[in-house]
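Only one structure is covered here, and it is reproduced in the block below.
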Amino acid sequence: MVSRSYSNLLDLASGDSPSFGGERKRFPRVATFPGLLSEVDDETCNSVGSEAPSSVSQERMIIVGNQLPLRAHRNEDNGEWCFSWDEDSLLLQLKDGLGEDLEVIYVGCLKEQVALNEQDDVAQTLLETFKCVPAFIPPELFTKFYHGFCKQHLWPLFHYMLPLSPDLGGRFDRSLWQAYVSVNKIFADKVMEVISPDDDYVWVHDYHLMVLPTFLRKRFNRVKLGFFLHSPFPSSEIYRTLPVRDEILRALLNSDLIGFHTFDYARHFLSCCGRMLGLSYQSKRGYIGLEYYGRTVSIKILPVGIHIGQLQSVLNLPETAAKVAELRDQFRGQTVMLGVDDMDIFKGISLKLLAMEQLLMQHPENRGEVVLVQIANPARGRGRDVQEVQSETYATVKRINNRFGRPGYDLVVLIDTPLQLYERIAYYVIAECCLVTAVRDGMNLIPYEYIICRQGNEKLDETLGLDPSAPKKSMLVVSEFIGCSPSLSGAIRVNPWNIDAVAEAMDSALIVSEAEKQLRHEKHYRYVSTHDVAYWARSFLQDLERACGDHLRRRCWGIGFGLGFRVIALDPNFRKLSVEHIVSAYRRTKNRAILLDYDGTLMPTGSLNTTPNIEAVGILNNLCQDPKNVVFLVSRKDRKILTEWFSCCKKLGLAAENGYFIRPNHDSDWETCVSLPDFDWKQIAEPVMKLYTETTDGSTIETKESALVWNFLYADPDFGFCQAKELLDHLESVLANEPVSVKSGQHVVEVKPQGVNKGLVAEHLLTTMRQKGKLPDFVLCIGDDRSDEDMFEVIMRAKTSPRLSPVAEVFACTVGQKPSKAKYYVEDRSEILRMLQALANASEQAAIRPQLLPVD
C-alpha cells in the first residue's frame with residue numbers, strides 16, 4: 001500500500017514511484033521543524049475513510065496561502081516576537097463573508113525568518129492567539145521555491161512571458177520545481193496537523209500552492225477542497241510550453257472547486273485540460289464542470305472584491321482629511337490624474353508615461369492644467385527586469401518634466417517611497433481620473449478602491465468644498481488586459497500597447513461632461529459596493545459546499561503515484577468483477593446470455609489494426625460450443641466486415657452498426673431491428689457533413705449502411721468541438737422532419753435511424769430466448785463506452801421483468817473504473833480475455849465430466 005504522506009519528494013517531482021516503509025512516527029499537534037517531511041506509514045491510503053485524529057467536530061474553514069495574514073516584529077525592549085493581524089491581507093478580509101459561526105484557521109508562512117530554537121514557541125503562540133499554523137521554510141529552500149520557481153517560471157509564464165532566452169526568466173530548472181513540490185508538501189503536512197477531514201473545508205490560494213491539492217487528496221480522499229487562482233491563467237499555446245504542465249493540471253483537478261477571476265482565465269484552463277488531458281467540460285444550470293475519474297470538478301468565475309469597511313474607516317480618519325487638504329492646496333487649479341502600480345514589468349508604468357507625453361504633445365492646452373501622479377509601490381519580485389523598469393521610469397519622468405514643466409510645476413509627480421494607506425486614499429480622493437495600464441494583471445483592485453474613495457464622506461466633501469448632496473463623479477481608464485476590466489463597463493478600456501489610443505483615452509477622460517462622469521461613477525459604485533470581498537468569499541463557500549455535496553455517498557479510492565495521483569469516485573454498489581465469482585455463477589446456470597462489445601472491449605481503443613486476434617476468436621468459438629450459451633458480439637463496424645472477420649464462428653451472433661443489423665448465427669440472414677422505408681435523408685445530411693469536413697482539417701466522414709458519422713478525432717480539439725456543435729445544430733435543423741436522430745459522441749457527430757442503439761440487441765436476445773423457452777438465468781454484458789450503457793440499462797431493468805429467471809445472475813460490466821450504469825468493472829482488455837477464457841474452460845470441464853461418470 002502507498003503511504004499517506006508521500007515521503008520521497010524528489011521521486012514525486014520526477015513522477016517516479018516512491019519507496020515506502022519504516023516505523024510509524026508521531027508528531028506534536030504543531031510541528032515546527034523547518035523542512036520536516038512526515039513519513040507516516042498508512043495501510044489505508046486509498047480507502048474511503050478519513051481517520052485522522054481530531055478533537056474538533058464542527059465545520060471549519062482552513063485557509064491556506066503563501067503568507068499568513070499577520071505582521072511580525074521584535075519588541076525592542078525584550079527582543080520577543082510581537083504579532084498582529086495584517087488588515088490589508090485578502091485572506092483576513094475574506095473572513096467577513098464566511099459567517100461568524102464558521103471557525104477559520106490559517107496556514108501559511110511568516111514574512112520574517114524565525115530562528116530554529118524559537119519556532120516551537122512561535123507556532124504555539126500563533127495557534128492559540130490567532131488560530132494560525134505557520135509553515136517554517138528553510139531560507140535556501142524558500143528562495144528556490146518563491147524567487148526561483150514561482151517568480152522565475154510561473155509568474156512570467158502566467159503573464160504571457162516566454163523564457164525565449166536566459167535573460168527572459170531563464171530556462172526551466174528542475175531543481176526549482178523540486179523545491180516547489182517540497183514546499184507544497186510542507187504546507188500539506190501543516191494542514192494535516194489541524195484538519196478534521198470529515199467536517200472541515202480547505203481553501204487554497206494562488207499559484208504558489210498549485211500542487212497542494214494532490215497531497216491533500218491523497219491523504220484524505222474525501223477532503224472538501226477549493227482552490228482560487230489570483231493570477232491570470234494563460235492560453236494553451238503559452239501554458240503548454242511548461243515542462244511540468246500535466247502535473248500542475250492534474251494537481252489542480254484534485255480540487256472540488258477551482259476559481260478564476262474572469263471567464264477568459266477559466267476558458268484557458270478548460271482549453272488546456274482538453275488539449276493536454278483530453279477532458280471535456282459541460283455547463284449545466286449555470287455551473288461549469290469537468291468530469292475527472294467520476295468526480296465533477298466545478299469551475300467558479302467571480303472576480304474578487306475589496307473590503308469596503310476598511311476603506312471607509314480610513315476615509316473617516318482625521319489624518320486622511322488633513323492629507324486631502326494638503327493635496328488640495330498642492331494641486332490647486334490643476335486636474336490630477338492618478339496611477340498606482342507596483343514597480344514591475346507587467347504594470348505598464350512606462351507605457352502610461354509615454355501616453356502622458358503623447359497627450360502633452362498632441363494637446364498642448366493641457367500643459368500646466370494637468371498633472372499625473374504616479375505612485376510606484378516596491379516590486380514584489382527582484383532581478384534585472386525590475387531594475388530596468390525603474391531606470392526607464394525615472395528617465396521618462398525626467399524627460400517629460402524637463403520638456404514640458406516649468407519651475408515649481410512638474411507634469412509628472414513620481415512617488416516611489418512607501419505610503420501609508422491613508423496617504424494613498426487621499427490621492428484617490430483628489431484624483432479626477434485613475435489610470436491603470438497594466439499589460440497583464442490577474443485582477444487589480446486599484447479601480448475598485450478609487451471608486452469607493454471618490455464616493456467620500458461629508459467631512460471630506462467639506463474639506464474639498466463640495467456639496468455633500470451632489471452626485472459623486474469619477475473617471476477610469478483601464479487596460480483591457482486586467483481582470484477587473486470586464487466588471488467596469490463604464491470605464492474607458494484601452495490597449496496599453498497602443499500609446500496613441502491611451503493618450504486619446506486620457507484626453508477623453510479629461511473633457512467628458514460632468515453628468516457623464518456622475519453616471520459612470522454611480523454605475524461603478526453600485527457594482528463595487530455590492531460585490532465586495534465578503535460577497536466573493538460567501539459565494540465561493542456556497543459553491544464549494546455544493547461541489548462537495550455528494551462526497552459521503554460515493555465510494556472513493558486513489559490510483560497513481562506521485563503527482564499523477566487522482567481519486568476515483570463511484571457509486572457505492574460499483575465493484576470489481578472477480579473471475580471466481582462469475583465462474584461460480586456460470587457453473588450453476590444453464591440458460592446463459594452473453595453480450596460482448598467489440599470496439600474497445602475485445603480490441604483496444606485507438607489500435608490501427610482492428611482485426612480480431614486468434615486468441616479472441618478461439619475464446620468466442622469455445623463459448624459458442626456450449627449449448628447452454630447464446631453469445632452475441634456487438635460492434636459499430638458494418639456487417640460486411642464482421643461477416644468476414646468471424647466467418648469461422650458458426651454459432652456466434654453478430655450485431656453490426658450498433659444494433660441496426662442483427663444475425664443470430666452464421667447460417668441465418670441479416671435482419672434489421674428498426675424498419676426504415678428509405679435512406680433519402682442521407683442525401684440531405686451528407687452534403688452538410690462534407691461542408692464541415694472541408695472547413696475542419698483532420699475531420700472525416702464515415703459512411704455506413706444505416707448511418708453517417710462525422711469524426712473529428714484528429715482535428716484541433718477546440719475548433720473540432722466548436723464545429724461539432726455547429727454541425728449538430730445544422731443537422732438537427734435540416735433533418736427535423738426525417739425519422740432519424742442526430743447525436744454527438746466521443747469526437748463524433750452521428751446521424752442514424754431513430755431508436756437504433758445497442759440496447760436493441762439486448763432486448764432482441766432476451767426476448768428471443770424467452771420465446772424459445774430458455775428463460776435466461778445468467779446474463780453477462782461487457783462494454784467500454786457510452787454506447788454500451790444502453791445495453792446495461794436494458795439488462796438491469798430486465799431483472800425485475802418476466803424476461804429473466806427469478807434467480808437470474810446478472811453481470812453488467814464496464815471496462816475501467818468510471819461512472820456507469822453497470823454494477824461491475826474490470827480493469828482492461830487482458831482481464832476480459834482471462835475471464836472469458838475461464839468461462840470457456842468451465843464449459844469444457846462440464847462437457848467432459850459426464851463422459852467420465854461410470855456406466856451402470
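The values are calculated or read from the model by the stated rules, or taken from the named source; none is laboratory data. All values derive from a computational prediction rather than experimental measurement. Note that we place each Cβ from the backbone using ideal geometry, even for glycine, and neighbour counts take in every protein chain shown. We work out accessible area using only protein heavy atoms, side chains counted, and drop any ligands, DNA or RNA first. Shrake-Rupley method; radii C 1.70, N 1.55, O 1.52, S 1.80 Å.
What is the range 343-451 by shape, rounded, prolate or oblate, if you read a ≥ b ≥ c off the alpha carbon gyration tensor as root eigenvalues and call it rounded for a/c under 1.5, prolate for a/b larger than b/c, and oblate otherwise? Display every interim value, and only then the final one.
Details: a/c = 1.64, a/b = 1.23, b/c = 1.33.
Oblate.
Extending 7 Å from the Cα toward the beta-carbon at both residue 628 and residue 59 defines two label points whose distance is 5.4 nm.
From the alpha carbon centroid of the range 396-442 to that of the range 724-793 is 68 Å. Got a sec? Charge dipole of the chain, +1 on Cβ for Lys and Arg, -1 for Asp and Glu; which of 395, 346, 208 is way out at the positive end? Farthest along the dipole direction, towards plus: 208. The range 672-696 and the range 78-123 have Cα centres separated by 65 Å. Taking all protein chains as they are arranged and a probe of 1.4 Å, the heavy atoms of residue 526 leave approximately 130 Å² accessible to solvent.
Restricting to bridges with both residues inside the chain, how much of the DSSP beta-bridge set is antiparallel, in percent to the nearest 5? Numbers along the way, then the final one.
Working: 39 of 111 bridges.
Given both bridge residues lie in the chain, the antiparallel proportion sits at roughly 35 percent.
Taking a virtual spin label 7 Å from the Cα of residue 748 along the C-beta vector, which residues in the range 655-690 bring their backbone nitrogen under 14 Å of it? Once the point is set 7 Å along Cα→Cβ of residue 748, 656-661 turn out to lie under 14 Å by backbone N, inside the range 655-690.
The loop-placed GluC sites (Glu not before Pro) in the range 467-559, going by DSSP, that have at most 13 neighbouring Cβ atoms within 10 Å of their Cβ come out as 480. Per-residue surface analysis assigns residue 81 an accessible area of about 50 Å², computed on protein heavy atoms at 1.4 Å probe radius.
For the chain, the 222 nm mean residue ellipticity estimated from helices alone, with every DSSP H stretch of n ≥ 4 adding -39500 (n - 2.57) and the total spread over all residues, rounds to -11500 deg cm²/dmol. Applied to the range 761-774, the Karplus parametrisation 6.51 cos²θ - 1.76 cosθ + 1.60 on θ = phi - 60° returns per-residue 3J(HN,Hα) values of 5, 5, 4, 4, 5, 5, 5, 4, 5, 5, 5, 8, x, 10 Hz, with x for Gly and Pro. Within the shell defined by Cβ-Cβ distances under 14 Å, the residues around residue 518 carry a net charge of +2, with Lys and Arg each +1 and Asp and Glu each -1. For chymotrypsin sites (Phe, Trp or Tyr not before Pro), the sites in the range 677-777 that DSSP calls loop and that have at most 16 other Cβ atoms within 10 Å are 679, 714.
Just by accessible area at a 1.4 angstrom probe, what is the order of 610, 696 from largest to smallest?
Working: 610 45, 696 0 Å².
I get 610, 696, largest accessible area first.
Relative contact order, whole percent, for the range 246-341 stands at 25, derived from Cα pairs under 8 Å and 6 or more residues apart. Taking a Cβ cut-off of under 14 Å around residue 466, the surrounding Lys, Arg, Asp and Glu residues balance to a net charge of 0, with basic ones at +1 and acidic ones at -1.
If you stretched the chain out fully between residue 143 and residue 174, how much longer would it get, using 0.36 nm times the residue separation minus the C-alpha to C-alpha distance? Don't skip to the answer; put the middle values down first.
On the way: separation 31, 0.36 × 31 = 11.16 nm, distance 1.44 nm.
Contour length minus the Cα-Cα distance gives 9.7 nm.
The residues of the range 308-531 expose, per residue, 42 Å² of accessible area to a 1.4 Å probe.
Could you work out the relative contact order of the range 680-753? I mean the mean sequence separation of Cα pairs under 8 Å and 6+ apart, divided by the number of residues, in percent. Provide the component values of the computation, followed by the final result.
Working: 105 pairs, mean separation 23.8, N = 74.
It comes to 32 percent, rounded to a whole number.
For the peptides 247-258, 583-594, the ranking by mean Cβ contacts within 10 Å, running from highest to lowest, is 247-258, 583-594.
Which of the chymotrypsin sites (Phe, Trp or Tyr not before Pro) found in the range 270-354 are loop residues per DSSP with 10 or fewer other Cβ atoms within 10 Å of their Cβ? Show your work: numbers first, answer last.
On the way: sites: 281, 287, 292, 293, 331, 346; in loops: 293, 331, 346.
In loop regions of the range 270-354 (DSSP not H, G, I, E or B), there are no sparsely surrounded chymotrypsin sites (Phe, Trp or Tyr not before Pro).
Could you sort 301, 288, 614 by accessible area so the largest value comes first, with the probe set to 1.4 Å?
Values: 301 60, 288 30, 614 150 Å².
My answer, sorted largest first, is 614, 301, 288.
Charged neighbours of residue 115, selected by a Cβ distance under 14 Å, balance to -4 (K, R count +1; D, E count -1). Rounded to the nearest percent, how much of the accessible area of the chain (1.4 Å probe, protein heavy atoms only) is carbon and sulfur? Reported share for carbon and sulfur atoms: 49 percent. Once backbone amide H atoms are built at 1.01 Å from N, residue 811 has 779, 780, 781 as its partners under 5 Å, excluding neighbours fewer than 5 places away on the same chain.
Net charge dipole, the chain: roughly 2320 debye, given to the nearest 20, about the Cα centre with Cβ charges of +1 for Lys and Arg and -1 for Asp and Glu.
Using R0 = 41 Å, the C-beta based FRET efficiency linking residue 276 and residue 103 works out to 0.60.
Taking amide H as placed 1.01 Å from N in the peptide plane, the amide H of residue 557 sits under 5 Å from that of 568, each at least 5 places away or on another chain.
Would you mind classifying the range 308-531 by shape? Square roots of the alpha carbon gyration tensor eigenvalues, ordered a ≥ b ≥ c; an a/c under 1.5 is rounded, otherwise it is prolate if a/b is larger than b/c and oblate if not. Cα axes put the range 308-531 in the rounded bin. Computed with a 1.4 Å probe over protein heavy atoms only, the accessible surface of the range 202-302 comes to 28 Å² per residue.
Taking N as the number of residues in the range 680-753, what value does Rg over Cα atoms divided by 2.2 N^0.38 Å take? It would help to have the intermediate numbers written out before the result.
Values: Rg = 11.1 Å, N = 74, 2.2 N^0.38 = 11.3 Å.
That works out to 0.98 for the range 680-753.
Take every pair of alpha-carbon atoms less than 8 Å apart whose residues are at least six positions apart; their mean separation over the length of the chain yields a relative contact order of 10 percent. Across the range 292-300, coupling constants 3J(HN,Hα) worked out from phi with the 6.51/-1.76/1.60 Karplus curve, θ = phi - 60°, read 9, 6, x, 9, 9, 8, 7, 10, 10 Hz, and Gly and Pro carry x.
Calculated accessible area for the range 680-753 comes out at 52 Å² per residue, all protein chains present (probe 1.4 Å; ligands, DNA, RNA ignored).
When DSSP beta bridges are restricted to pairs lying wholly in the range 203-345, around 45% turn out antiparallel. Placing unit charges on each Cβ (+1 for Lys and Arg, -1 for Asp and Glu) gives the chain a dipole about its Cα centre, and among 662, 830, 450 the Cα reaching farthest toward its positive end belongs to 662. For P(r) over Cα pairs in 20 Å bins from 0, in percent, the candidate list reads (i) 13, 37, 33, 15, 1; (ii) 14, 40, 32, 12, 2, 0, 0; (iii) 13, 36, 31, 16, 5, 0, 0; the entry that matches the value derived from this model is (iii).
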